[in-house]
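Working notes, beginning with the structure itself.
The values are calculated or read from the model by the stated rules, or taken from the named source; none is laboratory data. Note that the structure is a prediction, hence the values are computed from the model and not measured. Positions of Cβ are generated from backbone atoms using ideal geometry, with glycine treated the same way; all protein chains shown enter the neighbour counts. Quick note on the areas: whole protein, heavy atoms, side chains included, nothing else; ligands and nucleic acids left out. Shrake-Rupley method; radii C 1.70, N 1.55, O 1.52, S 1.80 Å.
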Amino acid sequence: MRRRKTLMRMLRIQRVLMKYGLDEFVKETHLLRPLRFFFLALPRRRDTSAPLGERIRLALQELGPIFVKFGQAISTRRDLLPPDIADELAKLQDKVPPFPAEEAVAILDEAYGESVDTVFKRFDTEPFAAASIAQVHTAQLQDGTEVIVKLLRPGVLDQIHQDIDVLRMLAGLADRYWEHGKRLKPLEVVAEYEETIIDELDLMREAANTAQLKRNFEGSDMLYVPDIYWDYCRPEVMVQERIYGIPISDMDALRESGANIKVLAENGVEIFFTQVFRHNFFHADMHPGNIFVIVTDPERPKYAAVDFGIVGTLSPEDQKYLAHNFLAFFDRDYHRIAKLHIDSGWVPEGTRVDQLETAVRTVCEPIFNKPLSEISFAQVLMRLFRVAQRFDVEIQPQMILLHKTLFNIEGLGRQLYPELDLWETAHPVLKQWMNEQVGPKAVIDDLREALPLLRDTLKELPNILRHLAMLLAEPGKLDQDRS
């Protein structure tokens with residue numbers, strides 16, 4: 001039954017793609033080759049009268065949340081897309097068609113067990129913004145506090161489960177028929193993505209993520225995170241402080257405000273590396289629709305972030321591995337990068353360090369110390385992919401969120417301040433974090449943390465020694481204990 005539903009969903013996806021004249025793009029992947037006979041039976045009615053960018057956006061909207069999220073992710077990369085397509089995909093960030101106001105009111109009435117007019121002093125039925133998984137409305141609490149009310153889309157969970165089944169089937173086909181399937185681990189990647197997006201559907205979890213980010217940046221002059229109003233939060237409803245700022249994508253308004261764009265771009269890089277390495281808790285959905293700028297002081301503009309449904313964490317081992325790789329890159333120590341990859345087991349045993357070092361140097365050296373405006377990341381990505389193919393580098397599913405976030409951060413930086421020197425900005429942050437991990441203070445902190453255990457062990461030491469002495473004095477007893 002479930003497999004039949006998955007096949008029907010795949011047929012619907014193909015029908016939508018054909019409707020907008022986009023099915024030729026899918027054929028190029030060859031992943032659907034085993035199902036080609038199903039697709040041949042579909043009527044081939046195309047409407048290609050609209051521009052390509054508009055057709056792509058409309059198709060993604062019609063296909064649902066997972067496809068919209070894909071469009072949001074790539075919309076930040078104007079260096080990889082024609083301008084008309086980038087402009088259309090940017091509309092997916094917060095301008096997805098909303099669901100009706102009466103449905104929003106019904107969700108709130110059921111969630112609170114009373115009328116929305118009783119709960120709020122004012123609830124604005126016209127949506128403030130709408131995205132793939134939820135939409136938001138402005139409202140006012142009974143005490144006059146202005147808030148944002150976020151509501152899950154009706155039926156979104158069932159739709160996402162269907163599309164995850166489709167992704168899992170495609171991943172299985174890729175794993176079986178694609179020559180790079182085993183190395184790129186498509187099934188593991190889909191499993192990691194499924195866990196991430198299902199978590200996003202619990203707005204209580206998002207509220208908790210928001211509260212944690214707010215604590216992490218308490219008192220920060222770089223990032224503001226809104227307050228959560230817990231008494232009004234439910235799994236399908238979240239109420240938070242309304243913030244007022246300029247959307248990060250509105251470059252004209254930012255320039256008119258006199259905001260120091262260079263400082264803003266540099267702070268963005270520092271915020272990212274601080275989240276990943278110092279806090280180990282990072283905002284992993286940083287498309288422009290979720291980022292605003294507060295320009296109270298134009299020389300010190302401040303980010304304001306929303307939508308923390310997706311956050312990422314790394315294991316201590318992955319953190320240190322990444323930090324060592326970044327620092328080695330900043331120092332142009334390509335031998336160290338190659339050795340780190342081999343020692344981590346990410347490349348097959350027996351790989352020659354010197355060959356991998358040469359390949360990494362060939363890709364990285366041309367972009368070092370260049371501003372974003374002079375770097376073609378499309379070419380860099382292609383070259384890195386070829387290196388990965390040549391040396392059978394395995395994809396690490398636990399790093400997918402970080403890669404996605406880096407993708408967004410670099411896109412935002414390019415949009416804000418193309419002259420930004422990523423390396424110069426990030427190097428001091430990483431260096432300081434590494435010093436904290438292995439420097440004298442780290443040793444003292446480790447000793448302090450271990451003191452309670454050491455104290456308890458010392459208390460028990462006399463008893464341990466006494467028992468050991470008794471055992472040594474009675475060899476028969478020792479043999480009996482061993483048995």
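Extension gain, Thr138 to Ala191: 0.36 nm times the residue separation minus the Cα-Cα distance gives 15.6 nm. What the Kirkwood sum gives for the stretch 259-368 is a hydrodynamic radius of 16.4 Å, with every pair of different alpha carbons counted. The distance between label points at Asp250 and Arg466 comes to 7.6 nm (points 7 Å beyond Cα on the Cα→Cβ vector).
Share of pairwise Cα-Cα distances greater than 15 Å in the stretch 220-266 is 60 percent (whole percent). Global size of the stretch 167-248: 18.9, 53 Å for Rg and Dmax (C-alpha atoms, Rg to one decimal, Dmax whole). Reported value for the stretch 177-301: 155 Å³ per residue, from the convex hull of its C-alpha atoms. From the largest down, the stretch 309-375 spans 38, 36, 18 angstrom on the principal axes of its Cα atoms. Glu436 label point, 7 Å along Cα→Cβ, cut-off 16 Å on backbone N: hits in the stretch 213-249? Taking a point 7 Å out along Cα→Cβ of Glu436, the residues of the stretch 213-249 whose backbone N falls under 16 Å are 213-223. Exposure check, 1.4 Å probe, all protein chains in place: Phe326 carries approximately 50 Å² of accessible surface.
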